[in-house]
Structure formats: structure tokens, C-alpha cells
1. Can you tell me which residue within the stretch 53-75, out of those that are part of a helix (DSSP H, G or I), among the hydrophobic types (A, V, I, L, M, F, W, C) and in contact with a helix residue (DSSP H, G or I) (Cβ under 6 Å, 6 or more places away or on another chain), is farthest from F233 (Cα to Cα)?
2. Yes or no: the stretch 280-296 includes at least one residue that is outside the structural domain of L201 (by TED's automatic domain parsing) and in contact with a Lys or Arg (Cβ under 8 Å, 6 or more places away or on another chain).
3. Which condition breaks for S102 when tested against (1) of a type outside the set (F, W, Y); (2) assigned to a helix (DSSP H, G or I); (3) buried (at least 22 other Cβ atoms within 10 Å of the Cβ)?
4. Is at least one residue of the stretch 48-64 closer than 30 Å to E133 by Cα and outside the structural domain of T305 (by TED's automatic domain parsing)?
5. When only residues in the stretch 210-226 that are modelled with pLDDT of 85 or more, of a type in the set (D, E, K, R) and assigned to a helix (DSSP H, G or I) count, which is surrounded by the most Cβ atoms within 10 Å (Cβ to Cβ)?
6. How many residues are of a type in the set (A, V, I, L, M) and surrounded by fewer than 24 Cβ atoms within 10 Å (Cβ to Cβ) if we restrict to the stretch 170-197?
7. Condition first: part of a loop (DSSP other than H, G, I, E, B) and either closer than 21 Å to L83 by Cβ or under 24 Å from the mean Cα position of the chain (by Cα) (or both). Can you find one or more residues in the stretch 251-263 that meet it?
8. Quick one: in the stretch 330-357, of everything that is under 21 Å from L264 (Cα atoms) and hydrophobic (A, V, I, L, M, F, W, C), which residue is surrounded by the most Cβ atoms within 10 Å (Cβ to Cβ)?
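The values are calculated or read from the model by the stated rules, or taken from the named source; none is laboratory data. Please read all numbers here as calculations on a predicted model, not as lab measurements. Here Cβ is always computed from backbone atoms with ideal geometry, including for glycine, and neighbour counts include all displayed protein chains.
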Amino acid sequence: MNLSFPILKEYTYLNTANSGILSTSLAEWRSRHDEAFMTGGSVFKMESMSLITDLRNNIAKHFGSKPENTYLVQNFSVGFNILLNGLDRNHRFLLLEEEYPSVSYPIMSMGFAYYSVPIDEKLEENIINAIEEFKPTILAFSMVQYISGFRMDDDFIRKLKTTYPNLLLVGDGTQFLGTTVFNFEKSGLDALIGSGYKWLLAGYGNGYVMLSDQIKDAIYAKNKLASLPVAPFLKGKHHLSMCFEPGHLDTLNFGTLNESLNDLATMGFDYIEKTTQTLSNQARLALNARGLVPDWMLNRKYQSTIMSMPLDEKTADKLAAAKILGSPRGAGTRISFHFYNTDEDLNRLLEILDGKN
């Protein structure tokens, strides 16, 4: 499949971890959507509402969740906060240090008890020890850490769920979903929540929530005791969809996610995983040889498409001058590789780092 991204003609775009880019075909679809809305008004709205159900089913099909346990939200933060608001305040959270603020802050600010473990080469051991000592009821984490690119071990997640079946596992999939083949029901996760604007290349204002039956039964217990509204336009809604999907859902933003998901699925998530992993591993090895990625990060079985380089300001300025786009994150410069990146992009980066250009 040949998708066109005009920005790639102007920049070496190593910044998908900051924002995915918009293809010309998606931009054209969005224009057609708004033209139809302009001429059709409420007629267009009624005719396009099936798109929301199509998207929910599409997410479930491609990522192995149950359609009835899949919800559409505006972004990760909205979905995660809705989930937290449905939990009993007696829950105890285990977190990772230097976690994405949208994961850690609401847990802390809502008054949940929490404990954080460091991310290093002994992470899995750190987590097990903390589970035994702190006795958390929920482990919340980013599937891929937004600064370092550290990716949680898929096998370890499944092992945790088998060993501690009552421990709820909640993941932020924003920096993960769209980079690899994934099946939610087989993952061991109880919830995967994320935004579509990064690796799903779907623009802003759309996201997803996938829930296990276990966590679905554990949230909004009081709401389930109340009678549902009987208004005809709310037909088919249930208690959790009233919580996760209150009000209208924007067919432009969610339609963009649906169209992009179709494009990515046509390309194949197996193909995307193969190409991004190959290039990312090449980059990781090259950066390690230059002292920019630690040795222990190379030994992980599961790797992400993100890495962070501890660059001085002068070198970071050289990258910007060469139109190589990355992002300052933490103490380093973060770069990332999607399927539209090439060996030429990596070589261009290495040339600047080596002072050859």
C-alpha cells in the first residue's frame, strides 16, 4: 500500500512518538466528511452514526478485544480518568518511576495508595518484590515508556496475570498500539487505553478503551444499580457505555481513526512490526556503539520503536538545523521510527551525530 506523507519531503521525521503524521488520503477523506456535513446537516449525522459501531468492531477485530468491552474515548487521559473514577478508593496501585504524568498524576491526585518501582535491568524482579511487599491490587504502566522507549515484556505480563490473577493490569497503549501485532484477550491485560494520534496515525481527538470481563465487573458498581434512561436515541447503551461514552462521539475524529486503521490493516501489522523492528534495532545498535544507548537495553527480548539519546545542546541544535525531527524528553533527545522511515533516515541521523555533515 502506498501512503503519501508530504512532510517526509521536508524533514527526516523521527518524531512519531510526539505526533503521528497525516497521509494525503486521510486528509482527503476528512475533507469529504466535512463537505458532506456541510451539505447534509442532520441527514448526514444520522447516516454516519453507523461509523461509530464500525470503528468499535474494527478495533476489536484487529486487536483481539471483545466489541462489547471496547469503548471510544477522546484520548488516553479521558479514558483512564473515567476508569479510575469507577474504582473503589481502597485500591492500591503499583507504578513505575518516571511514568508518563497522565498515568501517575490522576492516581496520586485522587488519593489512591501507591508505590513506585525503578526501571532498570531488574525491572521484572523489582515488580515481583513490590507485589509481595506492597500488596497492590492494580499495576498501571505504559506499555512503552515515553522517555526511554523501554517496552514491557509481553511474556512477563502474561506470567503476572497467571501468578496473580486478582491483580488488575492496566496499560497505556498510546506509544505501543500500531507498532506490532497485538491480541488484547491473549495479552494478560485487564485494560488497554490509548490515544490514536501517534502510532495509529489518526490525528487528534480519538482514542480507545479495551477491558477484560474481570475489570469490567469491578468498576462502577453503584452505577449498575441505577435504571438506564429510556430515551430512544440512547437505545443500546448500557451502564459502562454511559460512563465511557457520554454524549456525542465526533464522526470526523473517530472516522479518521477508522480510516487509518483500515489503511494500517491493509498494510499489515505484521509487516509494520517487521519493518519498524528491523530499523529500530539497527538504530539501537548504532547508538549503543556511540555510547548513546546503554548495554542492558539491547538485551531486552521485546523492543520498542523509541529510544532516547543523551545529547548536548550543540548536537541537538545540529539535528534541528539538518531538519531531523525528534523531541527533548527527560535528559535526552527522543527519536522514533515508524514504517515510513528508512535506512537513509538512520544514516542521515548518524552522519550528524558523527560530525560528518
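1. That would be F63.
2. Yes; the residues of the stretch 280-296 include at least one that is outside the structural domain of L201 (by TED's automatic domain parsing) and in contact with a Lys or Arg (Cβ under 8 Å, 6 or more places away or on another chain).
3. Unmet for S102, out of (1) of a type outside the set (F, W, Y); (2) assigned to a helix (DSSP H, G or I); (3) buried (at least 22 other Cβ atoms within 10 Å of the Cβ): (3).
4. no
5. Looking at the filtered set, the residue picked out is K216.
6. Final tally of qualifying residues: 2.
7. No, every residue in the stretch 251-263 fails to be part of a loop (DSSP other than H, G, I, E, B) and either closer than 21 Å to L83 by Cβ or under 24 Å from the mean Cα position of the chain (by Cα) (or both).
8. That would be F337.
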